[in-house]
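The structure under discussion appears below in the form of structure tokens.
The values are calculated or read from the model by the stated rules, or taken from the named source; none is laboratory data. Note that the coordinates shown come from a computational prediction; the quantities given were computed from them, not determined experimentally. Note that each Cβ is placed from the backbone with ideal geometry, even for glycine, and that neighbours are counted across all protein chains shown.
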Amino acid sequence: MSTEHERTLAAVHQVAAERSNGSLLCATQPHSDTLHFVVDRSAMRAVTGGLVDHLGARFLISVGTDRRPLSGDFGVLHIFSLDRDHLYVLVESPIPADDLRIDSITPVVPGAAWAEREFQDAVGVRAEGHPDPRRLLLPDDWPEGLYPLRRDFPYNFRPPADDAARPKLAGAPAGASVFPMGPFFPVLEEPSYWRLFVEGERIVGCDTRLFYNHRGIEKLGDSVLTYSAIPHLAERICGICGFIHSTCYCQAVEKAAGIEAPRRARYIRTIMLELERIHSHLLWLGIAGHILGFETVLMQTWRIREPVMWLCEAICGNRKTYGMNTVGGLRRDLPDSVRPELLRVLAEVEKEVVAVREAVAGDSALHARTQGVGTLSEETARSICVVGPPARASGVAIDARIDHPYAAYDEIRPRIVTEEAGDVWARVVVRLGELAESIRLVGEGLSSIPDGPVCAEIKDEIPPGKIGVSVVEAPRGEAIHFVLTGGDNRPYRWRVRAPTYPNLQALPAAIRDGNIADTPITLGSLDPCFSCTERVETIDRRTKAVRVFSRAELLKMCRARAKGGG
Amino acid sequence: MDFFVLSVLKALVVAGALMTSLAYLQWVERKVIAHIQLRLGPYRVGPHGLLQPLADVIKLATKEGIVPSHVNKPFYLLAPFLAVSLALTSIAVIPFGPEIEAFGVRTYMQLTDINIGVLFLLAISSLSVYAVTFAGWASNNKYSLLGGLRAAAQMISYELPLAIALAGPLLIAGSLSLREIVEAQQGVTLGILPRWMIFQPPAPQIFGFVIFLIAAFAETNRVPFDLPEAENELVAGFHTEYSSLKFASFFMAEYANMITMTAITTTLFLGGWLPLFPAEYGSNFVPSILFALLAAAALYHGLHPARRKDRFSLPVVALLLAAAAALFLIPIVQTFLLPLFWFLAKAGALMFLFIWVRGTMPRFRYDQLMSFAWKFMFPAAAVNLFASALLVALFAR
């Protein structure tokens, strides 16, 4: 352990001790790259503010846990990353069960806004002083005082639906009018609702409603599934980066339980992760072209992408749900027979990607549509804790593969691609650069892959009460999985954060003062991945009142129309 | 023959040809775009998807025509009607060929040769702004309204450079009749070039041609100027609330406008029905040679072992092409088919350009489009007009 690393550790300890002002309850180091502080809730805002101000810590995610069966209280945990020092800092506060409040850290860490609203919704710990404490992930008709992630809430309980409920959305500021984008909108592959406030075609603000299709995956993980079943569910969290989530989960459990995956498994994980990045970036480039009305780019990039999907199918039998990862390594080896095919496809894709890059880079019409559009300054990107290509395009040089090396990235070193401009074009350039880099990484991984087993032998039960944090650089940014091990062969708490979560929070800043026409490509340039709602907004012509129809009213209208023989 | 009967006959022929080409233009567009994008395009309905337009027409005609309750009904219903009727009207003054004699009747290959044909075209194209504006306004929908307003602003802005660029050929021809404008382009210049307006001394309208063409893209709301219906931000723009035949009307109007625009461009700048080079150099044999070459190519591919699927269809196509080649050698047929061939060849080439651009360009943003119109197109058109006027005044005749 270098002296520099020790100095950092000392600095973190010092900040925690000073800022907590005597209420630091406990400080441990569960893993070499993880520091865990328990502070009194009154000191939470001060400690987290100190970490951000003095050490440049980057907020990752919050975890709210109902620990009543264990210790009779609740817990709120904020996870930070010290990227340059390869360190995770966990700051936790116990919350007494009879007084579920904690000071919100959003005033000092703006990027924590959604995370705090989420634990407020899910376990019922109120974030005091939150600037926008509205509901985030629960449906609008969910009864007050019912918290799905509490231990006494059965996973299959369905509260009665209230069809009259409507989202609480902000009204337009004076002088502006509302331009609804979504929930169903041609450019959104998945539904989401952005209520844009516009003056003419200029955007002066926006409000949003997401998370209607919350699937309760975390709940299933800590109530029904087992350690080795969860990777198969984790894979289905995202429609594109399945391997990323299963890897991230497995690494978190491996870390918590002290299991070391064999080198060969780590290499194969790396290869699969990079293949996923290749096909995801190609997919994104096509969608970006589609958003700009440039269908030829869509058709060509998706054609180039297809052989990569076939490759995944040749490796594991499926284009996307691979079923390869398990705690301790992999369930199946990379067959030797796909090696020549893999190399051939890679060479082919590399050639085509170069051609696409030249065509896209020199297209002045594309420059006109993307340069100076949807700009995120480095400062904003840092404060909202943007991740992945949008962060790197704004000059924030973070990449989990380098900051927190996992799988085989300690030996196969990726080069980080950054841009300064922070606009849509910079995001295109970053992704094109990463595409070439990923192709190189797969080749390198293939040539240096060691022989050996692909799965560690796990003899003992996974001990309860251990913490594991794992971060994987997905094509869209870093995915984070947090695991607190439990009994019954399943985690006590499993927390997932997908990269779109912080990036979507940056959209209002990116589209502000822009044009309606730039909104789709700005949203698209964040490469979002989200869920859906089934409500529409209409305007009553007689009263000119804006109102949102509920599902029941819509159904009634449809039926009335069908009966009328319309 | 009675003038009335003759006019009705001509109108029927032109309308029939126009409607068919409308439907098939869409097929051609889908095929060309598909091949640009390495796809096959329509392939299921009929051989090579040739019956796809028919299927589309049936589908659109039998869809339920929904009139939303919140629309301003009279204008909502008027808009598609206006769009399609205006788009089809302008074809009336386009000359497809010179005066011909068939079955003892002398007539122009043109529905009507009014002496202010150019003004008529401008008037009609200005009116068509109302169609989209009405559609956008009467729909009482934000997307429609924005689309309609964008369309109105765009069409009005681009009409200026369009009209100014169009003044160049008028200046040289000294007439507003489209037939006379074509006739003024007869002959050869510099020994080899045709005296089309884009080459004609003393003021070749090559810049005028380019400006007119770009403005024509904007007038017809085509990529890269298809903002009024930009699906990615405005759902479907001004026709968001239209379905069934009302939607089909807008669709037809767009393609009819494309045909009209290419026809006008051909007439004004590319010598209309006049051949590429005079008959004494053998231009009469160009179509025959072309069709014969195509027939040979089709036959070659049809007999190729790799094209087993097409081993019947391609020889049939080759036979048809050979028949066309032979047809063009008959002198009587030549008198009216040759001008038509040259006219359609030029208009078709322009049409291909329209489609090609769609395959290679992203959409512009609204403000970029407007500043392009006012800061570049308008001054360029004005400079072109003044320069042409000066050259004509100094050197003509």
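Going through B:Val57, B:Val32 one at a time, which residue ends up being within 14 Å of another protein chain (Cβ to nearest Cβ), of a type in the set (A, V, I, L, M), surrounded by 14 or more Cβ atoms within 10 Å (Cβ to Cβ) and assigned to a helix (DSSP H, G or I)?
Working: B:Val57 fails: within 14 Å of another protein chain (Cβ to nearest Cβ).
The conditions single out B:Val32.
For the range A:370-379, check the following and say yes or no: at least one residue is farther than 23 Å from A:Val442 by Cα, more than 14 Å from chain B (Cβ to nearest Cβ) and not in a loop (DSSP other than H, G, I, E, B). Working first, answer last.
Residues of the range A:370-379 that are farther than 23 Å from A:Val442 by Cα, as a first pass: A:370-379.
Narrowing the set further to residues that are more than 14 Å from chain B (Cβ to nearest Cβ) leaves A:375-379.
Then keep just the ones that are not in a loop (DSSP other than H, G, I, E, B); that gives A:378-379.
Yes; the residues of the range A:370-379 include at least one that is farther than 23 Å from A:Val442 by Cα, more than 14 Å from chain B (Cβ to nearest Cβ) and not in a loop (DSSP other than H, G, I, E, B).
Restricting the search to the range B:34-58, which residues are under 26 Å from A:Met299 (Cα atoms) and out of contact with any Gly (no Cβ under 9 Å at 6 or more places or on another chain)?
Within the range B:34-58, B:Leu38, B:Arg39, B:Arg44, B:Val45, B:Gly46, B:Pro47, B:Leu50, B:Leu51, B:Pro53, B:Asp56 meet the criteria.
Out of all the residues in the range B:176-196, which are without any contact (Cβ under 8 Å) to a residue 12 or more places away in the chain and either among the polar types (S, T, N, Q) or farther than 12 Å from B:Pro98 by Cβ (or both)?
Within the range B:176-196, B:Leu190, B:Gly191, B:Leu193 meet the criteria.
Quick check, is B:Leu270 buried (at least 24 other Cβ atoms within 10 Å of the Cβ), more than 25 Å from B:Leu18 (Cβ to Cβ) and in the same structural domain as B:Gly117 (by TED's automatic domain parsing)?
So B:Leu270 fails the test.
What number of residues within the range A:195-210 are surrounded by fewer than 20 Cβ atoms within 10 Å (Cβ to Cβ) and either closer than 20 Å to A:Val123 by Cβ or without any contact (Cβ under 8 Å) to a residue 12 or more places away in the chain (or both)?
Residues in the range A:195-210 being surrounded by fewer than 20 Cβ atoms within 10 Å (Cβ to Cβ) and either closer than 20 Å to A:Val123 by Cβ or without any contact (Cβ under 8 Å) to a residue 12 or more places away in the chain (or both): 1 in total.
Of these, A:Val198, A:Val187, A:Val204, which one is of a type outside the set (Gly, Ala, Ser), within 14 Å of chain B (Cβ to nearest Cβ) and in contact with an Asp or Glu (Cβ under 8 Å, 6 or more places away or on another chain)? Give the steps one after another, and end with the answer.
Working: A:Val198 fails: in contact with an Asp or Glu (Cβ under 8 Å, 6 or more places away or on another chain); A:Val204 fails: within 14 Å of chain B (Cβ to nearest Cβ).
Step by step, each of A:Val198, A:Val187, A:Val204 is checked, and only A:Val187 is of a type outside the set (Gly, Ala, Ser), within 14 Å of chain B (Cβ to nearest Cβ) and in contact with an Asp or Glu (Cβ under 8 Å, 6 or more places away or on another chain).
Quick check on my filter: what residues within the range A:1-36 are at pLDDT below 85 and part of a strand (DSSP E or B)?
Hit for the range A:1-36 is A:Leu24, nothing else.
So, in the range B:290-334, how many residues would count as being within 25 Å of B:Glu99 (Cα to Cα) and surrounded by fewer than 16 Cβ atoms within 10 Å (Cβ to Cβ)?
7
Looking at B:Leu176, B:Leu170, can you tell me which residue is within 26 Å of B:Val392 (Cα to Cα), outside any helix (DSSP H, G or I), in contact with a helix residue (DSSP H, G or I) (Cβ under 7 Å, 6 or more places away or on another chain) and of a type outside the set (Ser, Thr, Tyr)?
Numbers: B:Leu170 fails: outside any helix (DSSP H, G or I).
After applying the criteria, what remains is B:Leu176.
I'd like the full set of residues that are crowded, with 19+ Cβ neighbours inside 10 Å, in contact with an Asp or Glu (Cβ under 8 Å, 6 or more places away or on another chain) and among the small types (Gly, Ala, Ser), limited to the range A:399-438.
If the condition is that a residue be crowded, with 19+ Cβ neighbours inside 10 Å, in contact with an Asp or Glu (Cβ under 8 Å, 6 or more places away or on another chain) and among the small types (Gly, Ala, Ser), then A:Ala400, A:Gly422, A:Ala426, A:Ser438 are the ones that fit.
What number of residues within the range A:166-189 satisfy the criterion of being in a loop (DSSP other than H, G, I, E, B), within 25 Å of the chain's Cα centre (by Cα) and closer than 26 Å to B:Gly237 by Cβ?
Final tally of qualifying residues: 9.
So, in the range B:250-294, exactly how many residues are outside any helix (DSSP H, G or I) and either closer than 30 Å to B:Leu166 by Cα or acidic (Asp, Glu) (or both)?
So in the range B:250-294, the residues outside any helix (DSSP H, G or I) come out as B:270-278, B:282.
If we keep only those that are either closer than 30 Å to B:Leu166 by Cα or acidic (Asp, Glu) (or both) as well, we get B:270-278.
Going through the range B:250-294 one residue at a time, the tally reaches 9.
Would you confirm whether or not the range A:46-63 contains a residue that is in contact (Cβ under 8 Å) with a residue 12 or more places away in the chain, crowded, with 24+ Cβ neighbours inside 10 Å and over 29 Å from A:Asp399 (Cβ atoms)?
Scanning the range A:46-63, I find no residue that is in contact (Cβ under 8 Å) with a residue 12 or more places away in the chain, crowded, with 24+ Cβ neighbours inside 10 Å and over 29 Å from A:Asp399 (Cβ atoms), so the answer is no.
Looking at the structure I just gave you, is B:Gly348 closer than 30 Å to B:Ala151 by Cβ and either more than 14 Å from chain A (Cβ to nearest Cβ) or of a type in the set (Val, Ile, Thr) (or both)?
Numbers: closer than 30 Å to B:Ala151 by Cβ: yes; either more than 14 Å from chain A (Cβ to nearest Cβ) or of a type in the set (Val, Ile, Thr) (or both): yes.
Considered against the rule, which asks whether it is closer than 30 Å to B:Ala151 by Cβ and either more than 14 Å from chain A (Cβ to nearest Cβ) or of a type in the set (Val, Ile, Thr) (or both), B:Gly348 comes out as yes.
With the condition being more than 14 Å from chain B (Cβ to nearest Cβ) and among the acidic types (Asp, Glu), I'd like the helices (runs of 4 or more DSSP H) fully within the range A:226-308 carrying at least 1 qualifying residues. Working first, answer last.
Numbers: elements: A:230-234, A:242-257, A:263-291.
Passing ranges, in order: A:242-257, A:263-291.
So, in the range B:351-380, exactly how many residues are away from every other protein chain (no Cβ under 14 Å) and surrounded by 17 or more Cβ atoms within 10 Å (Cβ to Cβ)?
Going through the range B:351-380 one residue at a time, the tally reaches 6.
If only one of B:Ile124, B:Ile164 is free of Cβ contacts under 8 Å to residues at least 60 places away in the same chain and more than 14 Å from chain A (Cβ to nearest Cβ), which one is it?
Values: B:Ile164 fails: free of Cβ contacts under 8 Å to residues at least 60 places away in the same chain.
Of B:Ile124, B:Ile164, the one residue that is free of Cβ contacts under 8 Å to residues at least 60 places away in the same chain and more than 14 Å from chain A (Cβ to nearest Cβ) is B:Ile124.
Taking A:Pro499 as the residue in question, decide whether it is within 30 Å of A:Ile230 (Cβ to Cβ) and surrounded by fewer than 24 Cβ atoms within 10 Å (Cβ to Cβ). I'd like the intermediate steps shown before the answer.
On the way: within 30 Å of A:Ile230 (Cβ to Cβ): yes; surrounded by fewer than 24 Cβ atoms within 10 Å (Cβ to Cβ): no.
When the stated conditions are applied, A:Pro499 does not pass them.
Here are some conditions: (1) over 17 Å from B:Phe212 (Cα atoms); (2) loosely packed, with under 14 Cβ neighbours inside 10 Å; (3) within 14 Å of chain A (Cβ to nearest Cβ). B:Ala393 meets all but one. Which one does it not meet?
Failing condition for B:Ala393: (3).
Answer yes or no: is there a residue in the range B:76-97 that is over 16 Å from the mean Cα position of the chain (by Cα), outside any helix (DSSP H, G or I) and of a type in the set (A, V, I, L, M, F, W, C).
no
Counting just the residues of the range A:328-387 that are touching a residue at least 60 places away in the same chain (Cβ under 8 Å) and touching an Asp or Glu at 6+ places or on another chain (Cβ under 7 Å), which one comes out surrounded by the most Cβ atoms within 10 Å (Cβ to Cβ)?
My answer is A:Val387.
Name the one entry in B:Gln200, B:Gln186 that is closer than 30 Å to B:Ser7 by Cβ, outside any helix (DSSP H, G or I) and more than 14 Å from every other protein chain (Cβ to nearest Cβ).
Details: B:Gln200 fails: closer than 30 Å to B:Ser7 by Cβ.
Going through B:Gln200, B:Gln186 in turn, just one is closer than 30 Å to B:Ser7 by Cβ, outside any helix (DSSP H, G or I) and more than 14 Å from every other protein chain (Cβ to nearest Cβ): B:Gln186.
State whether one or more residues within the range B:136-144 are free of Cβ contacts under 8 Å to residues at least 60 places away in the same chain and either closer than 22 Å to B:Ala380 by Cα or not assigned by TED's automatic domain parsing to the domain that holds B:Pro95 (or both). Walk me through how you get there before you give the answer.
Within the range B:136-144, the first condition is being free of Cβ contacts under 8 Å to residues at least 60 places away in the same chain, and the residues that meet it are B:142.
Narrowing further to those that are either closer than 22 Å to B:Ala380 by Cα or not assigned by TED's automatic domain parsing to the domain that holds B:Pro95 (or both): none.
So far as the range B:136-144 goes, no, none of its residues is free of Cβ contacts under 8 Å to residues at least 60 places away in the same chain and either closer than 22 Å to B:Ala380 by Cα or not assigned by TED's automatic domain parsing to the domain that holds B:Pro95 (or both).
Is it true that some residue in the range B:229-241 is buried (at least 24 other Cβ atoms within 10 Å of the Cβ), away from chain A (no Cβ under 14 Å), over 30 Å from B:Leu276 (Cβ atoms) and of a type outside the set (S, T, N, Q)?
Yes, that holds for at least one residue.
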